[in-house]
Amino acid sequence: MRKIQMFVGLLAIVLVSSCNFTEEIHLQEDGSGKLSIKFDGSDMMEMGGEELAKTNEKAVDSIVSFKEFLEEHKDSIAQLPPEDQAKLKRLEPFNLRMVMDPEKKEMLFDLFSDFKDISEVNNAFNTFQEASLLGPSSQQAPAPMPASEQATEVYYSFAKNKFTRTAKIVDEALFQKQLDSMQGAEMFLSGSSYTLKYHFPKKVKSTTAEGATFSADGKTMIYQVDFLDLMKNPALLDLEVELEK
């Protein structure tokens, strides 16, 4: 549980600090695969690592299974409001790897999940944010904080050699409110990035992602955008990829 608590505390810093995220997908021909949302906090540790080192926190490199956590606390979770139970349920397929070493100034969060169909991991970045709902003591079940609903959703699809990633604003008023509240954080978010790193089972024939780069075999596509621009325009990473037959 201490791992969860550490994650919660750091996540709050991560989401308002310099954010360098990587969304990585390994896709198989049958549509199965693995998705992970990675956060590299090395820059943040460079700025605050000395203060963290003074706390005498030991280096951490561990994996948390949300499925096991939710199972352990299922009786208490059943007493929560249905909407809070649903938010926690979304975490179930995911695992979280945490690496933090104040002395080496290393920090890494990797939220990952295997899937049989990529639609199973829609809204993975939202799930990363919702992991902050797990905040309590080790003797109690999670008591979700009053978290706002998500203003955007991301959908994936893969069929007939065609992969798509599409973002949709589902609450215009909330989205505008988030944009307004983000103005004070623009200085911290300046220079942050969000990178797609997609591994396909076949060579890429074409893509709508202008400026994307590819591996030597043409099966891995990398596409990076400014994080702040993405927050202002979720459709910035809308794309379609067609694979060779």
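Read-outs throughout are calculated quantities, based only on the coordinates presented, and are distinct from any laboratory measurement. What you see is a predicted model; the values in this text were computed from it and never measured. All Cβ positions, even for glycine, are placed from backbone atoms using ideal geometry, and neighbour counts span all protein chains on display.
In table form, for the structure just shown:
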quantity	calculated
Only Lys, Arg (+1) and Asp, Glu (-1) charged, at Cβ; segment 193-245 dipole about Cα centre in debye	260
Hz values of 3J(HN,Hα) by residue in segment 166-179 - Karplus curve (6.51, -1.76, 1.60), Gly and Pro given as x	9, 9, 9, 7, 9, 9, 4, 5, 5, 4, 5, 4, 5, 4
Other-chain or far-sequence residues with amide H under 5 Å of SER157's (modelled H)	THR164
Cα shape, segment 185-240, gyration tensor, a/c 1.5 rule	prolate
Cα gyration tensor shape for segment 150-230, rounded if a/c is under 1.5, else prolate or oblate	oblate
Net charge, SER32 excluded, C-beta distance under 13 Å - Lys, Arg +1, Asp, Glu -1	-3
Ranked packing of 174-183, 68-77, most packed first, by mean Cβ within 10 Å	68-77, 174-183
Estimated vicinal HN-Hα couplings, Hz - segment 218-231 in sequence order (Karplus 6.51, -1.76, 1.60; Gly, Pro = x)	x, 9, 10, 10, 10, 9, 10, 10, 6, 4, 5, 4, 5, 5
